[in-house]
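Asks: Okay, handing you the structure first.
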Amino acid sequence: MKIKFQALGVSFIIILLLSCKRESPNINVVFLSSAETAISTSITVDSTGGEMALMAKSSQITSTPITAFLETDTTLISTYNILTGKHFSPLPPGSYELTGNSVTIHSGTNISDVVKLKILSTKNFKDGASYVVPVTIKSASHLPVLEASRTIFVVVNRVIVSTVASLAGNYYKVDFSKNNDNLKSMSNISYEVRVMANQFQSSSPFISSIMGIEENFLFRFGDVTVLPNQLQLAGGLTATNVPTQFSAGIWYHLAAVYDGAQLKIYINGQLAATKTASRTVDLTSTYSGGFHFGYSAGGRLFNGAISEARIWSRALTQSEIINGMCVIDPASPGLVGYWKFNEGAGDIVYDISGNGRNATANKTVTWIPNIRCN
């Protein structure tokens, strides 16, 4: 009889699933080999899909053939979300398959032949969604199934390949000054952006501006007080230096999150700096020309490339940052603006949040194709 995880108490499930790594039991049992020491694994896919091999094992050499019957069971995703604190979704129908519903451990061995989980297409994937496929042993012949290693949760990591905008010798302006009273005094705000520096500034004041408003809330590399390749959130009481030194030619995801009491800066989803402060941010300020990508204080240009820039009117969680580094749903609540910088032509980057805050380039844009993010 099939045992549904969600019918069990959550505390028991946690003990059950997190106790996977263990010595072989005294009796012979069957389990998924990939679930022997962990409850999850991952597969990276692009627009053409991808595949992963799955096998069953027995804890002892078998004297008779053992058949394990496999299935994907999306009803287990809610339990996995409870365990991880995340919000995974089932894959769209028709986008994946198991190449078979059983594997066999032949006599004299303890590992089965292979079944494959195939991701057939990402065409119907929703931007910003996180996907997982639970593969589970439904039953097995002759031997009991080890409950702690019955199921493996396969997290699907999607590779995004897109065009991005070069900021070498160029910059963009966004006008927040009109009919935006709710942006004048923001006590909660988050910036996100993916950037790659070709090189960092070599002359004083050694500043490479990324996004924001001078003397207000500005992401930038360098200053006279820090190295040219150090990150800084400049402006107001939240001004903070990040000790990490960055390398040219590498893409980074940066996030600044302010909740009215504390600023947190994340690099590639990992917390890198914090500062306690009480203030508000005025996105409508026209100081030094107002809000720009790649420019501040009459220059201080960023020599590099940019994509996936966003501003939020709320403080993002670390989980949201990690799950959304390459793409998010443009209808996500709290988006002030979302600029993908993937147009590939023209000198306007469109705000796809629906708020109409398009970014206009200072001059003709150079577009860079085939940039990967995953």
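Asks: Which strands (runs of 3 or more DSSP E) sit wholly inside the range 155-218 and have at least 1 residues that are closer than 13 Å to Ser285 by Cα and either acidic (Asp, Glu) or touching a residue at least 40 places away in the same chain (Cβ under 8 Å) (or both)?
Replies: Per the criteria, 172-174, 208-213.
Asks: Scanning for something touching a Cys at 6+ places or on another chain (Cβ under 8 Å) and over 15 Å from Ser190 (Cβ atoms), does the range 261-274 turn up at least one residue?
Replies: no
Asks: From the list Ala261, Ala248, Ala272, exactly one residue is assigned by TED's automatic domain parsing to the domain that holds Asn323 and without any contact (Cβ under 8 Å) to a residue 24 or more places away in the chain. Which is it?
Replies: Just one listed residue meets the conditions, Ala261.
Asks: When the residues of the range 278-299 are filtered to those that are of a type in the set (Phe, Trp, Tyr) and assigned to a strand (DSSP E or B), which remaining residue is surrounded by the most Cβ atoms within 10 Å (Cβ to Cβ)?
Replies: Applying the filter and picking the extreme gives Phe291.
Asks: Got a sec? Which of Ile66, Ile82, Ile43 is more than 25 Å from Thr122 (Cβ to Cβ) and under 24 Å from the mean Cα position of the chain (by Cα)?
Replies: None of the others qualify; the one that does is Ile82.
Asks: Here's something else I'd like to know. Out of Ala297, Ala331, which single residue is in contact (Cβ under 8 Å) with a residue 40 or more places away in the chain and not basic (Lys, Arg)?
Replies: So the residue among Ala297, Ala331 that is in contact (Cβ under 8 Å) with a residue 40 or more places away in the chain and not basic (Lys, Arg) is Ala297.
Asks: Then there is this: Which of the residues that make up the range 233-259 are surrounded by fewer than 18 Cβ atoms within 10 Å (Cβ to Cβ) and of a type in the set (S, T, N, Q)?
Replies: Once the filter is applied, which keeps residues that are surrounded by fewer than 18 Cβ atoms within 10 Å (Cβ to Cβ) and of a type in the set (S, T, N, Q), the range 233-259 yields Asn241, Thr244, Gln245, Ser247.
Let's see how each residue does on (1) under 22 Å from Ala197 (Cα atoms); (2) in a loop (DSSP other than H, G, I, E, B):
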| site | (1), (2) |
| --- | --- |
| Leu237 | no, no |
| Ser247 | yes, yes |
| Ala256 | yes, no |
| Leu301 | yes, yes |
| Ala315 | no, yes |
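Asks: Residue by residue through the range 123-140, note down the ones that are at pLDDT 95 or above and not aliphatic (A, V, I, L, M).
Replies: If the condition is that a residue be at pLDDT 95 or above and not aliphatic (A, V, I, L, M), then Pro134, Thr136, Lys138, Ser139 are the ones that fit.
Asks: Looking at Ile14, Ile82, Ile27, Ile105, which is the one that is outside the structural domain of Ser319 (by TED's automatic domain parsing), modelled with pLDDT of 85 or more and within 27 Å of Ile321 (Cβ to Cβ)?
Replies: Ile82
Asks: Given the conditions (1) of a type outside the set (A, V, I, L, M); (2) part of a strand (DSSP E or B); (3) touching a Gly at 6+ places or on another chain (Cβ under 6 Å), which single one is not true for Lys57?
Replies: The number of the failed condition is (3).
The values are calculated or read from the model by the stated rules, or taken from the named source; none is laboratory data. Computed from a prediction, not measured in an experiment: that's the story for all the values here. FYI the Cβ positions are ideal-geometry reconstructions off the backbone, even for glycines, and counts take in every protein chain you see.
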